[in-house]
1. Restricting to segment 60-76, and then to whatever is open to solvent by less than 60 Å² (accessible area, probe 1.4 Å) and not in a loop (DSSP other than H, G, I, E, B), can you tell me which residue is nearest to ASN28 (Cα to Cα)?
2. How many residues does segment 6-24 hold that are of a type in the set (Lys, Arg) and either surrounded by 12 or more Cβ atoms within 10 Å (Cβ to Cβ) or not in a loop (DSSP other than H, G, I, E, B) (or both)?
3. Among the listed residues GLY11, GLY36, GLY24, identify the single one that is more than 12 Å from the chain's Cα centre (by Cα) and either in contact (Cβ under 8 Å) with a residue 60 or more places away in the chain or over 20 Å from THR76 (Cβ atoms) (or both).
4. Residues of segment 25-59 being among the aromatic types (Phe, Trp, Tyr) and either in contact with an Asp or Glu (Cβ under 8 Å, 6 or more places away or on another chain) or open to solvent by less than 100 Å² (accessible area, probe 1.4 Å) (or both), which ones?
Amino acid sequence: MLLAISDKMEGVFYKKGVSCLKAGGVANKMYLITEGKVVIKNSASDLQTEIGTGDFFGDESIFNERPRAYEAVCMT
């Protein structure tokens, strides 16, 4: 099972300040942070959360088949 998942993975690098996903966007990817920090901004409120190396995000939209409910901005 892990080999099947690893075949679907690709490395993508984002510059500081770039939004790697936007609220309302199509949910067809999950992100695993291998280095750096990302701020998650909830579109329904002013809530923000900072996550970093080893964390992941984007998984809930894949499983519930709904558009993204938040924006993720690369901080480093």
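1. The residue in question is SER61.
2. Restricting attention to segment 6-24, the residues satisfying the condition of being of a type in the set (Lys, Arg) are 8, 15-16, 22.
Now drop any that are not either surrounded by 12 or more Cβ atoms within 10 Å (Cβ to Cβ) or not in a loop (DSSP other than H, G, I, E, B) (or both), which leaves 8, 22.
Selection size over segment 6-24: 2.
3. Working: GLY11 fails: either in contact (Cβ under 8 Å) with a residue 60 or more places away in the chain or over 20 Å from THR76 (Cβ atoms) (or both); GLY36 fails: either in contact (Cβ under 8 Å) with a residue 60 or more places away in the chain or over 20 Å from THR76 (Cβ atoms) (or both).
Testing whether each residue is more than 12 Å from the chain's Cα centre (by Cα) and either in contact (Cβ under 8 Å) with a residue 60 or more places away in the chain or over 20 Å from THR76 (Cβ atoms) (or both) leaves just GLY24.
4. TYR31, PHE57
The values are calculated or read from the model by the stated rules, or taken from the named source; none is laboratory data. A quick note: this is a predicted structure, and the numbers were derived from the prediction, not measured. Virtual Cβ from ideal backbone geometry, glycine too; neighbours counted across all protein chains shown. Just so you know, the surface numbers come from the protein's heavy atoms only, side chains and all, with ligands and any DNA or RNA stripped out. Shrake-Rupley method; radii C 1.70, N 1.55, O 1.52, S 1.80 Å.
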